[in-house]
Amino acid sequence: MRDVLIVGAGPTGLALGIDLARRGVDALLVEKADGLFPGSRGKGLQPRTMEVFDDLGVLEPIRAAGGEYPVGMIWRDGEQVGEHHLVDPAEITEGPLGPWMVPQWRTQRILLRRLEELGGRVEFGREAVGLDQDADGVAVHFASGEPVRARYAVAADGGRSVLRRALGIPMTGESVDPRPTLVADVRVSGLGREYWHLFPPSAEGEGYLALCPLAGTDDFQLVAQLPQDATPDLGLDGIRKLVASRSHLAPEQVTEVRWASDFRPRAALADRFRAGRVFLAGDAAHVHSPAGGQGLNTSVQDAYNLGWKLGAVLREGAPAALLDSYEAERRPVAADMLGLSTRIHRGETRRGAATSQLGLGYPDSPLSEDTRTAPSGTVRAGDRAPDGEAAPGARLFDAFRGPHWTLLAVGTDAALPPLGVPETRIAAHEAYGRGVFLVRPDGYVGWVGETAAGLTEYAQRVGVNK
């Protein structure tokens with residue numbers, strides 16, 4: 001029996017596979033397609049996701065594979081009429097600034113390479129068709145081949161998740177926009193790559209067209225809004241006709257269509273993120289409008305939240321009840337991000353500090369405990385643990401990096417209990433103030449106290465020192 005079976009080798013499944021592999025968990029990924037997703041769809045990586053990728057060991061190749069977002073250039077009647085900035089100025093003072101643009105197909109290749117470096121693998125051409133489970137494990141059945149049995153299974157198989165439907169978990173949501181949207185990766189000659197080219201809707205009622213140069217490639221991502229009753233033509237001739245009708249470009253300037261798809265933007269949230277030994281993650285749990293670049297990022301962070309908990313239960317003797325915190329923490333975050341994506345899509349707000357996801361946390365989690373009577377800093381239990389100087393030439397993020405908890409003492413010489421985790425002491429940090437902080441493996445503060453009184457009991461409850 002496997003420890004974990006992950007169904008779906010998108011960004012969610014691959015990130016979870018990496019996290020489990022580095023923890024020594026026997027996890028298998030299966031994917032119904034014969035290879036990785038070929039398109040650019042989720043191209044925006046937010047600052048918090050870049051921090052996650054740093055911890056998972058893929059930040060350098062991710063940075064090398066992408067680039068910053070270009071300024072938008074608005075066109076009308078073949079003339080450039082003004083610039084448009086994607087993101088409102090935001091005070092992001094830590095970590096890699098973002099968003100960082102990497103086509104989704106390239107992100108997935110990097111994640112797969114990292115997974116294989118750690119000894120993990122993906123079985124392609126394995127279409128899940130159903131499952132059954134009992135008190136000891138889950139058996140997933142496939143269109144061909146033998147079932148796979150594992151102690152836990154994770155449905156990372158997208159918005160039309162077979163496993164979610166097999167579990168009978170409904171999704172509650174709404175149509176964000178009844179008009180279909182066409183998205184494609186195209187080659188375009190004679191169009192500069194220094195701008196994200198924006199063609200607003202015409203007076204005749206035709207929808208917008210956008211051509212974004214995809215960093216690290218020769219492609220543009222084309223996004224076009226179509227009339228409500230339109231049948232999208234995803235072929236070269238159809239896309240050429242669309243581009244010529246909405247821009248100054250000639251049809252023949254679109255030289256190649258490398259990938260194309262269409263969808264109707266919607267927002268939906270699974271009523272539950274867990275059923276017995278099966279967990280929902282990524283699009284299987286929440287489906288976003290692409291506006292604001294929250295879908296892929298929220299999905300990767302589902303995996304990051306779930307990975308350390310599965311590892312703790314399966315390899316470190318933590319109580320199985322720890323897994324209950326996954327839904328308690330991630331479902332409210334997903335609901336908030338769905339609302340943000342929908343507001344951005346409808347033009348009710350703009351991208352800014354909220355879309356960076358650096359401010360997300362778990363203050364109401366059963367794993368968040370703050371025992372201080374008079375906190376001296378701004379960091380609370382459940383918050384993302386901020387970076388800072390740990391020693392000359394070393395950062396706090398260097399201490400946090402890895403699949404472990406970290407015990408941090410700030411501005412205090414309080415005795416620390418022997419929890420068997422790395423310890424770091426720093427003299428001062430404005431955000432932390434003064435106290436003792438136990439930082440979770442996913443970089444969030446679990447426990448805080450003015451001294452270490454009560455820390456040992458907390459650690460036993462969540463399985464830190466089992």
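Bear in mind these aren't lab numbers, they're just calculated from the coordinates by the rules spelled out. In this text the structure is predicted, and so the values were computed from the model without any measurement. Positions of Cβ are generated from backbone atoms using ideal geometry, with glycine treated the same way; all protein chains shown enter the neighbour counts.
What does the net charge come to around residue 282 if you take all other residues with beta carbon closer than 10 Å to its beta carbon, with K and R at +1 and D and E at -1? Could the numbers behind the result be given before it?
Working: positive: none; negative: 157, 283, 302.
With Lys, Arg at +1 and Asp, Glu at -1, the net is -3.
Considering only 248, 222, 313, whose Cα is most displaced toward the positive end of the charge dipole of the stretch 211-344, charges sitting on Cβ of Lys, Arg (+1) and Asp, Glu (-1)?
Of 248, 222, 313, it is 313.
Can you tell me the relative contact order of the chain? Whole percent, Cα pairs under 8 Å, sequence separation 6 or more.
Numbers: 1033 pairs, mean separation 75.0, N = 466.
Reported relative contact order: 16 percent.
From the square roots a ≥ b ≥ c of the eigenvalues of the alpha-carbon gyration tensor of the stretch 355-437, which class results: rounded (a/c under 1.5), prolate (a/b over b/c), or oblate?
Rounded, since a/c falls under 1.5.
Write out the trypsin sites (Lys or Arg not before Pro) in the stretch 154-238 meeting two conditions: DSSP loop, and at most 10 other Cβ atoms within 10 Å of their Cβ. Let's see the in-between values first.
Values: sites: 160, 164, 165, 187, 193; in loops: 160, 193.
The qualifying sites are 160.
How big is the dipole moment of the stretch 256-328 about its Cα centre under a simple scheme where the beta carbon of each Lys and Arg is +1, that of each Asp and Glu is -1, and everything else is neutral? Debye, nearest 20, please.
On the way: 8 positive and 8 negative charges, 22 e Å.
Approximately 100 debye in magnitude.
As an exercise, identify the GluC sites (Glu not before Pro) in the stretch 152-255 lying in DSSP coil whose Cβ has no more than 15 other Cβ atoms within 10 Å.
Values: sites: 174, 194, 204, 206, 252; in loops: 194, 204, 206.
Hits after loop and neighbour filter: 194, 204.
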